[in-house]
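These notes concern the structure reproduced below.
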Amino acid sequence: MKKIFFSLLVMSCFAFNDGDTKMQTYSYGHNGMEFVAREGKGMIIVSTYNSKMTIRQDIAYKIYQLYANDRLTSGPKTTICGDEADVTGKCIIRKKDNLISLDFYYELVEWKSGLKEMYKKKTK
């Protein structure tokens, strides 16, 4: 009887768990050019800032795909859905002659595991 009661108690804890997501901050990240593509007579360069090393290539390619499909805008916050995580940040599109620069600044990384990481600039 005690085993049954204990089993029901444990199972009810899992059943009513909200799946609380953890929020963490990080103050490090990779900055640099991630993806270069030729388009007609021009060139497109995708750069990421404050990015997480494991997902930076995937997110850079998704940014390029959004731009190529005319679904990427400069300025407001944009969410990029990747294979391992969804990234929210700010995109700046700059054009000069035949060069197009897509700069994406990570602000929030929502991992598929439920962990959320927010970029916080290091203060000295």
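The values are calculated or read from the model by the stated rules, or taken from the named source; none is laboratory data. None of these values were measured; they are calculated from a predicted model. Heads up, the Cβs are rebuilt from the backbone with ideal geometry, glycines too, and the neighbour counts pull from every protein chain shown. Keep in mind that these areas ignore ligands, DNA and RNA; they rest on the heavy atoms of the full protein, side chains included. Shrake-Rupley method; radii C 1.70, N 1.55, O 1.52, S 1.80 Å.
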Worksheet item: Can you name every residue in the stretch 51-63 that is crowded, with 20+ Cβ neighbours inside 10 Å and of a type outside the set (Lys, Arg)?
Response: Ser51, Ile55, Ile59, Ala60, Ile63
Discussion item. Pull out all pairs, ordered by first then second residue, where Cβ-Cβ is under 8 Å, the residues are six or more apart or on different chains, the first lies in the stretch 47-58 and is hydrophobic (A, V, I, L, M, F, W, C), and the second is open to solvent by 50 Å² or more (accessible area, probe 1.4 Å).
Written reply: Met53/His30; Ile55/Asp83; Ile55/Glu84
Response to the item:
Selection from the stretch 25-48 of residues touching a Lys or Arg at 6+ places or on another chain (Cβ under 7 Å) and open to solvent by 80 Å² or more (accessible area, probe 1.4 Å) yields Thr25
Worksheet entry | strands (runs of 3 or more DSSP E) contained entirely in the stretch 67-124, each with at least 1 residues that are of a type in the set (S, T, N, Q) and open to solvent by less than 40 Å² (accessible area, probe 1.4 Å) | 77-81, 85-96, 99-111
